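Visitor: Take this structure, written in structure tokens, and hold onto it; I'll ask about it next.
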């Protein structure tokens, strides 16, 4: 059935040699039947202890001349120019793969391997702040970063992207890109200016509204609609938001809860307006499609995709060097030029504004790429859920998206 | 020594099954009885309540999956039997070409085929956009994000698995038996009903088996083609396992589904008058 589950269950208990020894005998099945999946919660170490352990780790690591970068699709220029520059500048060869499609899926597949103490085969991974990155942190699956080796990050990271609530002092992660969840709409079908989240709940758009399948994304908008800041929400707020979202679904306003494919649906006119990520919309605008993006007046969410080094990574020093290289403003500008999400690096806007081609200039002027202070004031972060809260939260909102 | 040869030759397959089927199933059965969460670990508590909770919570999706799978299977049977019959008896020397055409879509990935349906059936796409332009369909008409799209997708994706076993069964019907029926003054219909159909039943049985089971458990069609209220049990397993890391519940649902399908198959085998399910499937 689920390969990761099977792999995890067979590998966590037996080394390969053990597995060879018992292979084929039903004894293996019986032995396995008696055990569960053991937890990996690391004993809570004092911060100073953790820091000295990290220092010990880094003091033994050396540059290996190779780095493996696991990222999301369309999150790097097609010619991989930033990576090539890195190779030229440092002599470190790279392997780049676009294996991460969804946080949940990536976590689900990696978790058994990490639990078994096996390397994933990647030196850098990229995950959004949220439940699954939180689990990676709680389970101790990430390597504490050596900030002495991240001078560009220290110098160039935007103040808003340092020391986030989900990872104090950027101990384990530094941002790769950020994005905003707001509303996208197709101006061919919607002839008013959308400004409010209430439009997503408007009977007028019955069957033409798209919402996201992700529990946190959909919940955040339910909370905005009921006047609650998700970051400060309580269980009572969730219940109210869930009731509002359920009503929206039961009235037939929502056509579908989308994973990734909402933007195609908006562009084709299957839906007229939808919850959306800023970068997706901007790419469509450059392609000349009649889509608009707006941060609703009630609020939108800002999320951050973070680079991290998974436990067991073979080339941690090389990984740190690449992570830091991406914090050079001119490199970051190239990334932004292609990816068109929000960059955590200072100075990119000026570089793009100074460029000759008009697409880059348009980027520099776009509030989708460089949100104004007024925009930032409307943006909220995901709520960090505790272990006890998570099943309650998921239970409330998944019954709506997967009813 | 020679008489052991068959056993040695069969050994790899048995080992394969033992390692990759028996062990994981045993492990999954074990996990389905544990309690806990990913962070603190799962402890074996033999709690059967995982099952009752999962069934209570997801009974809608269970029943919906069985219904969708059932409807899709019936449609596939109605569509597939004539095709199999036609290829077996009427296609002549082009038989192999038609069989190849039938299998051709499988050279494209399952997910991609389903997504291409999304393009074809878009509200203002090639098909409906044109028909709406001619005024043949009302503006609000859509197929995507409905039950019809999900069942249609299931039928489309699994149809060859219905046709092939029926074709194999029909292919093996001895033409002299049909001649004998005519010699005994049976009408064409009576020949079909009393000779051809009964002889093809093992194929029908295998076809239903090979389509109903995967169609019921399939998550892709519901995800790509469905809308609100089309979630199937396969989607729930995915969510519980990948998103929620709730391994016990995901395992319990899988086992429940397996049990329900097995029971259903045995009842169906009895109803079809097959003495022995395995024998019928093997024929």
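Just so you know, all these numbers are worked out from the coordinates, no wet-lab data involved. Keep in mind that what you see is a predicted model, and the values were worked out from it rather than measured. Glycine gets a Cβ as well: all are built from the backbone with ideal geometry, and neighbour counts include every protein chain shown.
Visitor: Which part of segment B:67-82 falls in the paramagnetic zone of residue B:267, meaning amide N under 17 Å from the point 7 Å along Cα-to-beta-carbon?
Guide: Label zone hits: B:67-74.
Visitor: Please give the per residue volume of the convex hull enclosing the alpha carbon atoms of segment A:250-403, rounded to a whole number of Å³.
Guide: 170
Visitor: Once R0 is set to 22 Å, what does the formula 1/(1 + (r/R0)^6) return for the Cβ-Cβ distance between residue A:297 and residue A:384, expressed as a FRET efficiency to the nearest 0.05?
Guide: E between residue A:297 and residue A:384, to the nearest 0.05, is 0.30.
Visitor: For chain B, what relative contact order do you get, as a whole percent, if you take Cα pairs closer than 8 Å and at least 6 residues apart?
Guide: For chain B, the relative contact order is 26 percent.
Visitor: Now, a different point. Within 10 Å of each Cβ in peptide B:246-253, how many partner chain Cβ atoms are there on average? Round it to a whole number, please.
Guide: Whole-number average of other-chain Cβ neighbours for B:246-253 is 3.
Visitor: Moving on to the next point. Kindly provide log₁₀ I(q)/I(0) values, in the same order as q = 0.11, 0.16, 0.17 Å⁻¹, from the Debye equation applied to equal alpha-carbon scatterers of segment A:67-208.
Guide: Here log10 of I(q) over I(0) equals -0.60, -1.02, -1.10.
Visitor: For chain A, what relative contact order do you get, as a whole percent, if you take Cα pairs closer than 8 Å and at least 6 residues apart?
Guide: Computed value for chain A: 24 percent relative contact order.
Visitor: Let me ask something additional. If I model chain A as equal point scatterers sitting on the Cα atoms and use the Debye formula, what is log10 I(q)/I(0) at q = 0.09 Å⁻¹?
Guide: Taken in order of the listed q values, log10 I(q)/I(0) reads -0.60.
Visitor: Still on this structure: Whole angstrom only: what separates the Cα centroid of segment B:141-220 from the Cα centroid of segment A:62-121?
Guide: A separation of 48 Å, based on Cα centres.
Visitor: Counting each DSSP H run of 4 or more residues in chain B as -39500 (n - 2.57), what helix-only mean residue ellipticity at 222 nm follows after dividing by all residues, to the nearest 500 deg cm²/dmol?
Guide: The helix contribution divided over chain B gives -22000 deg cm²/dmol.
Visitor: Let me understand segment A:42-125 better: what is its radius of gyration from the alpha carbons, and its Dmax, in angstrom?
Guide: My reading of the Cα-based Rg and Dmax gives 16.1, 45 Å.
Visitor: What do you get for Rg/Rh of segment B:25-66 when both radii come from the Cα atoms and Rh is the Kirkwood radius?
Guide: In segment B:25-66, Rg relative to Rh is 1.06.
Visitor: Also, quick follow-up: Considering every residue in A:251-258, what mean count of other chain Cβ atoms within 10 Å of its Cβ is obtained?
Guide: Going residue by residue through A:251-258 and averaging, the value is 4.
Visitor: Further question on the same structure: Compute and list, largest first, the equivalent-ellipsoid semi-axes of segment B:65-151 from the alpha carbon gyration tensor, each √(5λ) rounded to a whole angstrom.
Guide: In descending order the semi-axes read 30, 17, 15 Å.
Visitor: Over segment B:88-189, what relative contact order in percent results from Cα pairs under 8 Å that are six or more residues apart?
Guide: 23
Visitor: Which residue fluctuates most in the GNM of chain A (Cα springs below 10 Å): A:119, A:310, A:329?
Guide: Checking each option, the largest mean-square fluctuation is seen for A:119.
Visitor: Here's a follow-up. Just to be sure I understand the model, the point goes 7 Å from the Cα along the line to the Cβ. What's the resulting residue A:85 to residue B:7 distance in nm?
Guide: 6.9
Visitor: For chain A, what does the helix formula give at 222 nm: sum of -39500 (n - 2.57) over DSSP H segments with n ≥ 4, over the residue count, nearest 500 deg cm²/dmol?
Guide: Rounded to the nearest 500, the figure is -12500 deg cm²/dmol.
Visitor: Another question about this same structure. State, in angstrom, two size descriptors of segment B:56-202 derived from its alpha carbons: Rg to one decimal place and Dmax to the nearest whole number.
Guide: 20.0, 60
Visitor: Just counting partner chain Cβ atoms within 10 Å, what average do the residues of peptide B:31-39 show around their Cβ?
Guide: Across B:31-39, the average partner-chain Cβ count within 10 Å equals 5.
Visitor: To continue, here is another question. What is the mean projected area of the alpha carbon convex hull for the protein assembly as shown, to one decimal in square nanometres?
Guide: If I average the Cα hull's projected area over directions, I get 38.1 nm².
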